[in-house]
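Notes to accompany the following structure.
The values are calculated or read from the model by the stated rules, or taken from the named source; none is laboratory data. Computed from a predicted model, the values in this text were never measured in an experiment. Cβ coordinates were reconstructed from backbone atoms using ideal geometry, including for glycine residues, and neighbour counts include every protein chain displayed. Ligands, DNA and RNA are excluded from the accessible area calculation, which covers all protein heavy atoms including side chains. Shrake-Rupley method; radii C 1.70, N 1.55, O 1.52, S 1.80 Å.
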Amino acid sequence: MIAIIDYDAGNLKSVEKALISLGEETVITRDPAVILAADKAILPGVGAFGDAMQNLRNFGLVEVIKEFAASTKPFLGICLGLQLLFEHSEESPGAEGLGILKGDILRIPPCEGLKIPHMGWNSLDINPNARLFKGIPQGTYVYFVHSYYLKAEDEAIVAATTDYSTRIHASVESGNVFACQFHPEKSSTAGLRILKNFAAL
């Protein structure tokens, strides 16, 4: 069972639909007992960092997520869900993130000819040892929608990067904690393969 954590941040149904298409049993929930009993958990999300953290606090999910991430069970953050795993974001000064991983969430710098938010398909430079990208060729295109990006403190956790105005840490892996800035559920066959790899962990 894969728990999709519901904290009113949107994008839950598309993640659920992708997992069901892979034959995975899923539940959308904010019940701490259900989340902690699941085999795996996913924190999706679109929206603002500060608002999302407030929702997680309001629903009593901050400690639940930290407890799950501290277990050996696979945990996946997607888009805003990746950013929330870190300590803070330029988007919401003063708002404290989950602090499970270390790094900075920074605004994508302006660049002539590039639109912000970054919306569209970009190719990945993949760490060959990344478990989430097993069987995914170098240069595979995935779908992004974001105005802020991750710069991880420890390069060793970076599973994939992309370039859009700057070098973006597009995916990270640290023990049982995985995260993608892009949307695997909207990234066609490659994205489904990434979700399948996660489900198989």
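Structure above, values below:
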item: Residue 78 - accessible surface, heavy atoms, 1.4 Å probe, Å² rounded to 10; result: 0 Å²
item: Cut-off 14 Å between beta-carbons: net charge of the residues surrounding residue 1, Lys and Arg +1, Asp and Glu -1; result: -3
item: Ellipticity estimate at 222 nm from DSSP helix runs (n ≥ 4, -39,500 (n - 2.57)) divided over the chain, nearest 500; result: -7000 deg cm²/dmol
item: Relative contact order (percent, whole number), segment 50-118, Cα cutoff 8 Å, 6+ residue spacing; result: 26 percent
item: Surface accessible to a 1.4 Å probe, per residue, for the residues of the chain, Å²; result: 44 Å²
item: When each of 40/115; 66/196; 13/115; 115/196; 73/186 is checked by Cα-Cα distance, pairs over 29 Å; result: 40/115; 115/196
item: Gain in span if fully extended, residue 102 to residue 166, counting 0.36 nm per residue against the direct Cα distance; result: 21.1 nm
item: Inter-probe distance in nm under a simple model that places probes 7 Å from Cα toward Cβ, at residue 114 and residue 73; result: 3.8 nm
item: Cα centroid separation - segment 1-21 against segment 68-145, whole Å; result: 18 Å
item: Those trypsin sites (Lys or Arg not before Pro) in segment 1-71 that DSSP places in a loop and that have at most 16 other beta carbons within 10 Å; result: none
item: Cβ-based net charge around residue 156, under 13 Å, with every Lys or Arg adding one and every Asp or Glu removing one; result: -3
